[in-house]
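S.K.: Provided herewith is a single structure, encoded as structure tokens, for subsequent inquiry.
Derivation of every value follows stated rules applied to the coordinates shown; laboratory data play no part. The structure displayed is predicted, hence computed values, not measured ones. Every residue, glycine as well, gets a Cβ built from its backbone with ideal geometry; the counts of neighbours run over all protein chains shown.
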Amino acid sequence: MKRLVLKSIVAVATLAAFGMASAQDIKEHNFKFAVNAPEGHPAIAGMKKMADLVAAKSGGKMQIKLFLSGVLGSDQANISAIQGGTLEMAVMNTGILASVTKELAIFDFPFLFANGKESDALVDGPVGKKLHQKLEAKGLIGLAYWELGYREITNSKRPINKLEDIEGLKLRVIPNPINVAWVKALGANPTPLPFPEVYSALEQKAIDGQENPISVIAANKFWEVQKYVVMSNHQYNPQSVIFSKKIWDSLSPAERKILDDSADEAAKVQRELARAAVDANMNLLKKNGMQVSEFPPAEVAKLREKMKPVIAQFSANVGEETVAEVQAELAKMRK
């Protein structure tokens, strides 16, 4: 009995320390948090940090259990489960969520951001929040943007030093229309595949290559099935932390605040770790035999020129208003 009383006192004290109104506002919860990525992936650090923060801020009442490596199904399956309320939360590429809310496909536009400072300002600002709010109509709550980083192209056929080297390659892309279009515009053959199927497809030579951030390439040991990587930096990849609206609506304001604040705090830590890991992962790829190349500025200019029709095409699909808002925000940053 003394132990129970002491536990209650500690919980109340912890809640008070974090500014919670009262212990009665926080109930016992066990949330499942899914990701289609293995240990070592940058999203995992954010998930662990968020789980720790939620436990601390709730005095141990709210617990998050992590489910890694796609054990709860594909990203699409996780979205459906979250909408139905059988899964509480997941973290995934905004490009995948574009199949739910078309405006999020803006992040798939090639060469949208020049650096991390620009991307942070946009996703954490009014435009990023407005984009996440659009998910609510689809049964999802967008809590925060985490980061995968810039995407690079790998393949098993040849080094890529110029645009012509990409032609004819069969490249896996995230299953959405923009990625199919930009790969096609470069003369390659896009092959949409769910991420859990990518390694085996590379191993079996069903595809020649794929495109992902360096962290993903390293975490999945793609050096075992790929020889070449070009630092194309063709897309910036934020990831959205999403929560079930059905479950969210049943939570108290204090419980929602804990989840919201924890996701935002974890985002800062997660992005720092993701960026710090880029150089380490590059060295790991080289150590394991991958050959690394970069596009010279003249080739980057050619790539951007090739992308203009793709951007024009998908501006209408994404929404002219959204595209204009993003471009206006970026223009302000660059003054």
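S.K.: Considering only Cα-Cα distances, which of the following residue pairs are longer than 28 Å: K61/K117; K221/K332; K117/K308; K117/K205; K170/K302; K102/K245? Could the numbers behind the result be given before it?
M.R.: On the way: K61/K117 36 Å; K221/K332 40 Å; K117/K308 24 Å; K117/K205 38 Å; K170/K302 21 Å; K102/K245 19 Å.
Violating the 28 Å Cα-Cα cut-off are K61/K117; K221/K332; K117/K205.
S.K.: Continuing with the same structure: Once P(r) over Cα pairs in 10 Å bins from 0, in percent is worked out from the coordinates, which option in (1) 6, 25, 33, 23, 9, 4, 1, 0; (2) 6, 25, 30, 23, 13, 3, 0; (3) 6, 25, 33, 20, 6, 4, 3, 2, 1, 0 does it equal?
M.R.: Correct label, based on the coordinates given: (1).
S.K.: Would you please name the GluC sites (Glu not before Pro) within the range 136-202 that are DSSP coil residues with at most 15 other C-beta atoms within 10 Å of their C-beta?
M.R.: Of the GluC sites (Glu not before Pro), the ones in loops of the range 136-202 whose Cβ has at most 15 other Cβ atoms within 10 Å are E167.
S.K.: Place +1 on the Cβ of every Lys and Arg and -1 on the Cβ of every Asp and Glu in the chain, take the dipole about the Cα centre, and give the residue among A185, S315, H132 whose Cα lies farthest towards its positive end.
M.R.: Value computed over the given set: H132.
S.K.: Let me ask you something else. Just need the relative contact order of the range 2-333 here, percent rounded to a whole number, with Cα pairs under 8 Å and 6+ apart.
M.R.: Relative contact order here is 25 percent.
S.K.: Further question on the same structure: Could you give the dipole magnitude of the range 101-160 about its Cα centre, charging the beta-carbon of Lys and Arg +1 and that of Asp and Glu -1, in debye to the nearest 20? Each step should come with its number before you reach the end.
M.R.: Numbers: 9 positive and 8 negative charges, 52 e Å.
Rounded to the nearest 20 debye, it is 260 debye.
S.K.: Let me ask something else. Got a sec? Charge dipole of the chain, +1 on Cβ for Lys and Arg, -1 for Asp and Glu; which of T101, P194, A37 is way out at the positive end?
M.R.: Highest projection toward the positive end goes to A37.
S.K.: Whole-Hz ³J(HN,Hα) for each residue in the range 109-125, computed from phi via Karplus 6.51 cos²θ - 1.76 cosθ + 1.60 with θ = phi - 60°, x for glycine and proline: what do you get?
M.R.: Here the 3J(HN,Hα) series is 4, x, 6, 5, 10, 8, 6, x, 4, 5, 5, 4, 4, 6, 5, 8, x Hz.
S.K.: Just tell me which aspartates and glutamates come within less than 13 Å, Cα to Cα, of K287; anything on the same chain fewer than 8 places away is out.
M.R.: By straight Cα distance, K287 reaches E224, D279.
S.K.: Identify which of A280, A266, A144 has the largest mean-square fluctuation in a Gaussian network model of the chain, with springs joining Cα atoms closer than 10 Å.
M.R.: Its mean-square fluctuation being the largest, the pick is A280.
S.K.: Net charge near K257: determine it from the other residues with C-beta under 10 Å of the C-beta of K257, scoring Lys and Arg +1 and Asp and Glu -1. Can you show the working numbers first?
M.R.: Values: positive: K57, R256; negative: D25, E255, D260, D261.
Taking every Cβ under 10 Å from that of K257, the sum is -2.
S.K.: Let me ask another. Can you give the extra length, in nm with one decimal, that the chain gains between A137 and K184 once fully stretched, where that is 0.36 nm per residue apart less the Cα-Cα distance? It would help to have the intermediate numbers written out before the result.
M.R.: Working: separation 47, 0.36 × 47 = 16.92 nm, distance 3.23 nm.
Working it through step by step, the gained length comes to 13.7 nm.
S.K.: ³J(HN,Hα) across the range 244-254 via Karplus (A = 6.51, B = -1.76, C = 1.60, θ = phi - 60°), whole Hz, x for Gly/Pro?
M.R.: 5, 5, 4, 7, 4, 5, 8, 8, 6, x, 5
S.K.: Assign unit charges at the C-beta atoms only (+1 for Lys and Arg, -1 for Asp and Glu), then state the dipole size of the chain relative to its Cα centre in Debye, rounded to the nearest 20. Write down the numbers at each step before the final one.
M.R.: On the way: 42 positive and 37 negative charges, 100 e Å.
The calculation lands at about 480 debye.
S.K.: Can you check what the net charge comes to around I64, using other residues whose Cβ is under 10 Å from the Cβ of I64 (Lys, Arg +1; Asp, Glu -1)?
M.R.: That works out to +1.
S.K.: So if each residue of separation counts as 0.36 nm, and I subtract the Cα-Cα distance between K302 and M231, what length gain in nm does that give?
M.R.: 24.0 nm
S.K.: Could you give the angle, 0 to 90 degrees to the nearest 10, between helix 320-333's Cα long axis and the longest principal axis of the Cα atoms of the chain?
M.R.: That works out to roughly 90 degrees.
S.K.: What residue among D108, D264, D25 has the largest mean-square fluctuation in a Gaussian network model of the chain, using Cα springs under 10 Å?
M.R.: Between D108, D264, D25, it is D25 that shows the largest mean-square fluctuation.
S.K.: Can you compute the helix-only [θ] at 222 nm over the chain? Use -39500 (n - 2.57) per DSSP H run of at least 4 residues, normalise by all residues, nearest 500 deg cm²/dmol.
M.R.: Numbers: 13 runs with 159 residues, N = 335.
Roughly -15000 deg cm²/dmol at 222 nm, from the helical runs in the chain.
S.K.: I've got another one for you. Where is the GNM fluctuation largest for the chain (alpha-carbon springs, 10 angstrom cutoff): W248, W146, W182?
M.R.: W248
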